1. I'm trying to understand the selection: among the residues of region 68-103, which are out of contact with any Leu (no Cβ under 7 Å at 6 or more places or on another chain) and of a type in the set (S, T, N, Q)?
2. With the requirement that a residue be part of a loop (DSSP other than H, G, I, E, B) and either at pLDDT 95 or above or within 22 Å of Leu97 (Cα to Cα) (or both), what does region 4-44 give you?
3. So if I check each of Asp59, Asp88, which one is of a type in the set (Asp, Glu), outside any loop (DSSP other than H, G, I, E, B), out of contact with any strand residue (DSSP E or B) (no Cβ under 7 Å at 6 or more places or on another chain) and more than 17 Å from Lys7 (Cβ to Cβ)?
Amino acid sequence: MDERRDKPRLSVNLDAVWDREQARLSARVVDLSEGGCYLDSVGEVLAGETVAFRVMLPDGDWLYLEGEVRHHRHGFGFGVKFTELNDDQLEKLVLLLQIAKDGGPASLISADLVED
């Protein structure tokens, strides 16, 4: 993958779920930015397809996101570039990133800047 991200990404540890062929699959968001994320999941995807998923927020609410699969590793996970975030989604995403940068709540989210 030779593309460059235009938003800094953080290493995080967030629970997520996504639906695939009438099955609900669990995932873990392991890096996150305003532009996209990487989900650890055993579910199969294809580069270029759109996936919808929900990320558990520290307050117990869910953040619904959609994105285009940019790359995937069979049995490991996939990278997603967010598409068409509305104002509410973007606001929650920015808040989540700020919580991660500030280091709290530690039991639900941790973050380190990921260097390319």
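1. Selection gives Thr83, Asn86, Gln98.
2. So the first thing to find is which residues in region 4-44 are part of a loop (DSSP other than H, G, I, E, B), and the list is 4-9, 21-22, 33-35, 41-44.
Selection gives Arg4, Arg5, Asp6, Lys7, Pro8, Arg9, Ser33, Glu34, Gly35, Ser41.
3. Working: Asp59 fails: outside any loop (DSSP other than H, G, I, E, B).
Asp88 is the lone residue from the list that is of a type in the set (Asp, Glu), outside any loop (DSSP other than H, G, I, E, B), out of contact with any strand residue (DSSP E or B) (no Cβ under 7 Å at 6 or more places or on another chain) and more than 17 Å from Lys7 (Cβ to Cβ).
To keep it simple, each residue is scored yes or no on (1) touching a Phe, Trp or Tyr at 6+ places or on another chain (Cβ under 8 Å); (2) surrounded by 14 or more Cβ atoms within 10 Å (Cβ to Cβ); (3) within 15 Å of Arg28 (Cβ to Cβ); (4) among the aromatic types (Phe, Trp, Tyr).
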| position | (1), (2), (3), (4) |
| --- | --- |
| Ala47 | no, no, no, no |
| Arg54 | yes, yes, yes, no |
| Leu57 | no, yes, yes, no |
| Asp61 | no, no, no, no |
| Gly67 | yes, yes, no, no |
| Gly75 | no, no, yes, no |
| Asp87 | no, no, no, no |
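The values are calculated or read from the model by the stated rules, or taken from the named source; none is laboratory data. If you're wondering where the values come from, they're calculated on a predicted model, not measured in any experiment. Don't worry about glycine lacking a Cβ; one is built from the backbone with ideal geometry, like all the others, and counts go over all protein chains shown.
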